[in-house]
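See structure below.
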Amino acid sequence: MSSRPVKNERDRSVLASSIAAGLAAIGASLCCIGPLVLLTLGVGGTWISNLTALEPYRPIFIGITLLFLFLAFRKLYLIPRQCAPDDACAITPALRNQRIIFWLVSVVLIALLTFPWYGLYFLE
């Protein structure tokens with residue numbers, strides 16, 4: 001990965017949207033993945049069953065995650081690119097890399113968001 005600073009405002013906003021979506025997904029999945037991590041560390045299930053403080057906020061975190069994913073998708077695909085010829089957004093491989101990273105992050109975030117539905121099969 002290049003250590004070149006991000007020049008374009010569009011690149012900054014895509015990066016910010018991706019980071020915000022990731023943080024929101026982590027917040028949304030804390031109530032599900034957190035107890036599994038504690039179980040693997042040896043903490044008892046009886047104590048873990050009391051860890052439901054973030055559950056009421058899960059829909060809010062899911063909404064924020066989906067909003068930021070949509071904003072990143074919009075910046076990458078729907079809004080026409082407007083940049084100088086020497087900017088990073090004018091380079092086709094840079095845009096391709098941004099799109100690849102967007103889809104990889106999206107797959108991970110969707111897996112985290114849908115964990116309550118398929119996570120039960122890991123406990124059986």
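How many residues does the stretch 78-91 contain that are without any contact (Cβ under 8 Å) to a residue 12 or more places away in the chain, part of a helix (DSSP H, G or I) and closer than 13 Å to residue 11 by Cα?
Within the stretch 78-91, residues that are without any contact (Cβ under 8 Å) to a residue 12 or more places away in the chain, part of a helix (DSSP H, G or I) and closer than 13 Å to residue 11 by Cα number 1.
Cβ-Cβ below 6 Å, separation at least six or inter-chain, first residue in the stretch 113-124 and on the phi > 0 side of the Ramachandran plot, second surrounded by fewer than 14 Cβ atoms within 10 Å (Cβ to Cβ) and aliphatic (A, V, I, L, M): which pairs?
Nothing qualifies.
Looking at the structure I just gave you, is residue 65 crowded, with 17+ Cβ neighbours inside 10 Å and free of Cβ contacts under 8 Å to residues at least 60 places away in the same chain?
Values: crowded, with 17+ Cβ neighbours inside 10 Å: yes; free of Cβ contacts under 8 Å to residues at least 60 places away in the same chain: yes.
So residue 65 passes the test.
Among the candidates 53, 111, 72, which residue alone is at pLDDT 80 or above and either more than 16 Å from residue 14 (Cα to Cα) or part of a loop (DSSP other than H, G, I, E, B) (or both)?
Only one candidate passes the filter, namely 111.
The values are calculated or read from the model by the stated rules, or taken from the named source; none is laboratory data. Just so you know, these numbers come straight off a predicted model, no measurement behind them. Note: ideal-geometry Cβ built from the backbone for every residue, glycine included; neighbour counts use all protein chains shown.
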